[in-house]
Amino acid sequence: MFYPSVKWRMAAGAMLAAAVVGCNGGGGGSPAMTTPTPPATQQSTDFSSLVYMIFGEPANSQPVSLDNLTIVYDVNDDPTDFNGLLM
Amino acid sequence: MSKYPWTVAAALSVPLLAFASSHREAPNISRLPTLDGTDFYMFNSYESGRAAYVTLIANYIPLQDPYGGPNYFALDPAGLYEIEIDNNGDAKEDLTFQFQFTNTLAKNNAGITLPVGPAASPAAVAVPLKNVGPISASSSANLNFIETYTVTLVTGDRRTGVATPVANAANGSTTFVKPMDYIGQKSFGSDAGYAAYAAQYMYTINVPGCSAPGRVFVGQRKEGFAVNLGEVFDLVNFVPIEGDSSPGAGDGKGFPGGITQNPSHNVLANKNITSIALELPAACLKGSGNGVIGGWTTASLRQARVLNPNATFAKPEVNGGAWTQVSRLGMPLVNEVVIGLPDKDHFNSSSPINDAQFATYVTNPSLPALLNALFLAPVNATLGTSIANLAPNNFPRNDLVAAFLTGFAGLNQQATVTASEMLRLNTAVAATPAAAQSFFGVAGGDLAGFPNGRRPGDNVVDIALRVVMGALCYPLPIGANKAPTNLGLCAPANAPVGNVPFTDGAPVNALDFDQTFPYLKTPLPGSPIGSM
């Protein structure tokens, strides 16, 4: 059924457009009106741990989010053991 | 009355805002050119005898100067290149074709060496070049750098679905060769010599779950996208309205001072590109849906990278962690001139299922406002008019939103509609032979063209320019009798220049390309000077 009536198509188009705008909260479709997301807990990790944590994830896992993450870099804990990072 | 009235009209609105496709379109991806998707084509194959097939072409590595030696333009062995297909309308990939590349040097990664020194005791010294002599279809012995790749089909989620290797139908091998770039005519003899060399790396493939074979080719091609790029991004440094009475008429009877069609306006004409091309039976792509498929291409890197302080050819770095998407391209031009600068990198890392977050860029597009700022005074002065604002004023631009995110009922809308940005193709629409194609696609009465998929010869720039400035607000000549049809999306009063023939003056059409897979032409040679 690729070719329904003109009126149906136009109505569907308008509805879809409205739906898209509406799903962003109306008011002209501003994404700012989406359901508020609770602020993420601020996390802190040292650089070395972060590197090893990310490397330890398999390719098909979800990327580790760096949002709200404070990275502490300690020059005395620099992961310079390149061979140690070979997975 | 045509059976396609709404279809044709609505289709005009798909391109949105446009100037260049997706070459270096976002800050982050401009740092990663080997992973930069530049154009994505998806169309019903129009090569003779391939009526039941769909061609998918994902182009990468923008603005390649053919003379870019000595390393030329290999794809990234650390990258994951993908072509995703949504065939049920849920805005999630159902089929993903994954390409991964491996680079090796001749002689087991030692590289070709030459004896240098006294005849009695020469040193074997590795050469610094990727070839040490002529290369032909019959011999690659002089090639010092070999790019190979694998193709994997993932059914379901691209990260958690079922992955199966794609095999060479001739011998069952799952490793394919990407031909060396077109270094120049001395290395390959001639354009025909390079074409013959590259053609041997077009493979017939067995695709898992597919009863008929497909074809694959990955290699350098002549850039097919046409755009007046430099002038456009210099605050549109020309009058973007057709200066002839019709494109190519040469009579100067169009808009006073307007740009006219001239191939010299296409500054990409002397560039090459790298294509990842698939041709697959339509039946294997459309799944259980209504025959409309959505497609896009992405590139990803592993999330972590540590540079090797003692870099070698084999191991300049170590990569680990999850695949992390850095490039995304479906419809042309979207991230180039629709998405705002703060969100371009985010768009490249996003997926269609989450596209509602970008809706404001479509409902309230900024480009018409920019064009108004640039051209309001000159237009009024030239025409003796007193137009208050060139940009359409129907906000939110639901005409653009509906078209952009859903496809068009009756043409390329899936049975289940999830608002999302991707290129949509109705596999049931018969392909139009190259000689009969309209570079205005559906707007030119050619239902097999853009935005019903996208072919190399579709002039998406000109179509988009006209639509963004309000072409849909005017009755359009639709159907066999060309009856003016009011779409009801907006009114002429909403778009003071919606009926103006905007153009960048860079023509393109299907006859600029080959008429057989992979359609994009043999690349330009790196030498001799003047051959590009």
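Structural remarks
- Any hit, the range B:123-133, residues being outside any helix (DSSP H, G or I), polar (S, T, N, Q) and surrounded by 19 or more Cβ atoms within 10 Å (Cβ to Cβ): yes
- Within the range B:292-303, if we keep just the residues that are within 14 Å of chain A (Cβ to nearest Cβ) and within 9 Å of residue B:88 (Cα to Cα), the residue that is surrounded by the most Cβ atoms within 10 Å (Cβ to Cβ) turns out to be B:293.
- Which listed residue, of B:67, B:81, B:46, is of a type outside the set (A, V, I, L, M) and either in a strand (DSSP E or B) or within 16 Å of residue B:323 (Cβ to Cβ) (or both): B:81
- Condition met for residue B:175 (more than 25 Å from residue B:522 (Cβ to Cβ), of a type in the set (Ser, Thr, Tyr) and either modelled with pLDDT of 95 or more or surrounded by 13 or more Cβ atoms within 10 Å (Cβ to Cβ) (or both)): no
- From B:201, B:197, residue being of a type in the set (Phe, Trp, Tyr), within 26 Å of the chain's Cα centre (by Cα) and surrounded by fewer than 22 Cβ atoms within 10 Å (Cβ to Cβ): B:201
- Any hit, the range B:87-101, residues being touching a Pro at 6+ places or on another chain (Cβ under 6 Å), surrounded by fewer than 24 Cβ atoms within 10 Å (Cβ to Cβ) and part of a strand (DSSP E or B): yes
- Of all residues in the range B:350-382 being within 14 Å of another protein chain (Cβ to nearest Cβ), modelled with pLDDT of 90 or more and over 24 Å from the mean Cα position of the chain (by Cα), the one that is farthest from residue B:84 (Cα to Cα): B:364
- The residues of the range B:383-437 that are out of contact with any Gly (no Cβ under 9 Å at 6 or more places or on another chain), of a type in the set (A, V, I, L, M, F, W, C) and facing chain A (nearest Cβ under 8 Å), listed by number, are B:405, B:411, B:419.
- Condition check for residue B:9: more than 28 Å from residue B:214 (Cα to Cα) and either touching a His at 6+ places or on another chain (Cβ under 9 Å) or at pLDDT 95 or above (or both): no
- Restricted to the range B:415-516, the set of strands (runs of 3 or more DSSP E) holding at least 3 residues that are surrounded by fewer than 20 Cβ atoms within 10 Å (Cβ to Cβ) and in contact (Cβ under 8 Å) with a residue 24 or more places away in the chain is empty.
The values are calculated or read from the model by the stated rules, or taken from the named source; none is laboratory data. Quick caveat, the model's predicted, so the values are computed rather than measured. Counting neighbours? That spans all protein chains shown, and the Cβs are built from the backbone with ideal geometry, glycine included.
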